[in-house]
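The values are calculated or read from the model by the stated rules, or taken from the named source; none is laboratory data. None of these values were measured; they are calculated from a predicted model. When we count neighbours, we look across all protein chains shown, and the Cβ atoms used for this are built from the backbone with ideal geometry, even at glycine. Keep in mind that these areas ignore ligands, DNA and RNA; they rest on the heavy atoms of the full protein, side chains included. Shrake-Rupley method; radii C 1.70, N 1.55, O 1.52, S 1.80 Å.
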Amino acid sequence: VLRALADGEKGLPIAEMYFEGAEDQERQYAAHIRARIAIGKRNYHEAYSELRSLLTGETAVETPVMYFVFSDLERCCSAMADYRGAYEYSSDKMGLLEKFLR
């Protein structure tokens, strides 16, 4: 996963071979990496689509990862001037944080 992230930051495509035969969880990590790279390039719409696909996918995202997905969605929405969406994802993120602290 780290090698895929490093390649993506260099502008290289994330090779699917890194995740060939991967479990659903690893595919989710790959999607999140693609979204983070898009955010780094200020492609907020692309990142938003990638992150939303994680939320609507067949496999549930683990709670700790979900926190970061919500954080990134909040950032994308804010950058796209969707302040309502940013507020909603911020609220979702805070709700998860409260669960962690219990």
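Screening segment 41-69 for residues that are surrounded by 13 or more Cβ atoms within 10 Å (Cβ to Cβ) and among the β-branched types (Val, Ile, Thr) and picking the one that is modelled with the highest pLDDT gives Val69. Could you tell me which residue of segment 1-28 is modelled with the lowest pLDDT, considering only residues that are open to solvent by 60 Å² or more (accessible area, probe 1.4 Å), under 26 Å from Ala79 (Cβ atoms) and in a loop (DSSP other than H, G, I, E, B)? The residue in question is Val1.
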